[in-house]
Amino acid sequence: MPNPFRASFGAVPPFLAGRDGALDDFELALDHGPGAEGRATLIMGARGTGKTVLLTEMEAIARDHDWQVISLHTSAPSLLDEARTAAIEILRELDPDASRYRPTGASVGRIVSIDGTWQDAYGDPTLSPGATLQRLTDLMGSETGLLLTLDEVQSVDLDRLAAFAQIYQDLVRAEQNVAFVAAGIGAGVRALLDSPKTTFLRRARRVEIGAVDIGSAAAAIQATVAATDRSIAPEAAVRAAEISQGYPYLIQYVGAQAWSHAGDETTILLEDAQSALASAIEQMSTNVHEPSLRDLAPRKLEYLRAMLEDDGPSAVADIAQRLGTYHGYQSVYRDRLIEDELIRPAGRGRVEFALPYLREALVRRSARDAGHATPPAQGVRPRRTR
Ligand SMILES: Nc1ncnc2c1ncn2[C@@H]1O[C@H](COP(=O)(O)OP(=O)(O)OP(=O)(O)O)[C@@H](O)[C@H]1O
Ligand SMILES: [Mg+2]
């Protein structure tokens, strides 16, 4: 029996925890016709919170409603050219007039024949991206529509986005049945929204996602196993959810680990869930925290390290003291780290780590920096003679 959990980035899991509201709102926006609130949506969240999965699920909902979907990529040299090429492909399938037989002459032999060629109505490179999209949405009429999506929007080139926004807004103004969903890392997207070139994104409905509640995480784990011929003890599902801290990537990772730990047993037990804790910490360190800590400004890292002295939330006054700075200076870094989604406010004058096992990742990193983590390799042996 293959492992049903999907512990890899971008992989849509069999059950989505905590996304009912966002998906219902999106579906309503499709039903409510052009110009409805929520036709342009901006999904924001930290790494591994399920942005790509949510965007992919919205695409699936649109297809269920007989919409066409065009996924754009920030790596493309031009969003508009990418949209145009994809629109032409759809048009060739949908449009009965996409290719026409054009007679070029007639020859009269023993039988009369007409010479001609098949011409592609969309082969003309001068048909602009705007006109192509307009043609497509015209053809689809009011019953169906066109969804355009853009993942990893935090790394989009601003001019390319602005050029795309203009064409999209023309379609909206012309009351065409279109929708747009973008997704990106919260901190990066917030920086993007400061630019005057992103007014369009600023007006989109924001869906900020993060960890889901433990009950929903446990229910997703339970449902994932229940859809197979195995089962999971209720306390094991709850423990797995607790270890995941409701963080979507870990829901899948811990679920997958517990599943394999159970081996050939038909029921996943508490000990199987419990066994996933150490590797969940390891996995988060390597895949999520290490990459982001590596790029972090030294002052921010110092701030995070100053928080390690407390077991739970830290008082910002204590942090200022530990850093040997005055309060105002401390608050600059606090605010930046909150924007980076690495810490969050925890009641008056306190902050705490915002991502699961960030504390553990920092401790490991400090140990490594101090030279304690991996002991130098030992031993000498002669080379193998050939
Ligand atoms: N709602 C959810 N419930 C359970 N698991 C989820 C949910 N959403 C995503 N996952 C799982 O979380 C992991 C990360 O999902 P995804 O790749 O969508 O995250 P992301 O926010 O796009 O990450 P990144 O910032 O790296 O692009 C995947 O293993 C996915 O299966
Ligand atoms: Mg993603």
*Restricting attention to the stretch 129-144, which residues are surrounded by fewer than 19 Cβ atoms within 10 Å (Cβ to Cβ), closer than 14 Å to LEU79 by Cα and hydrophobic (A, V, I, L, M, F, W, C)?*
none
_Quick check on the stretch 261-278: of everything there that is touching a residue at least 24 places away in the same chain (Cβ under 8 Å) and open to solvent by less than 70 Å² (accessible area, probe 1.4 Å), which residue is farthest from VAL225 (Cα to Cα)?_
LEU277
*Is there a residue being in contact with a helix residue (DSSP H, G or I) (Cβ under 9 Å, 6 or more places away or on another chain), part of a loop (DSSP other than H, G, I, E, B), open to solvent by 10 Å² or more (accessible area, probe 1.4 Å) and within 11 Å of ligand 2 (Cβ to nearest atom) anywhere in the stretch 16-37?*
no
*asked:* I'd like the residue in the stretch 145-189 that is among the β-branched types (Val, Ile, Thr) and open to solvent by 30 Å² or more (accessible area, probe 1.4 Å) and, out of all such residues, is farthest from MET58 (Cα to Cα).
replied: ILE167
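The values are calculated or read from the model by the stated rules, or taken from the named source; none is laboratory data. Keep in mind that this is a model prediction, so the values were computed, not measured. Using ideal geometry, Cβ is built from the backbone for each residue, glycine included, and neighbour counts are taken over all protein chains shown. These area figures cover heavy atoms from the full protein model, side chains too; ligands, DNA and RNA do not enter into them. Shrake-Rupley method; radii C 1.70, N 1.55, O 1.52, S 1.80 Å.
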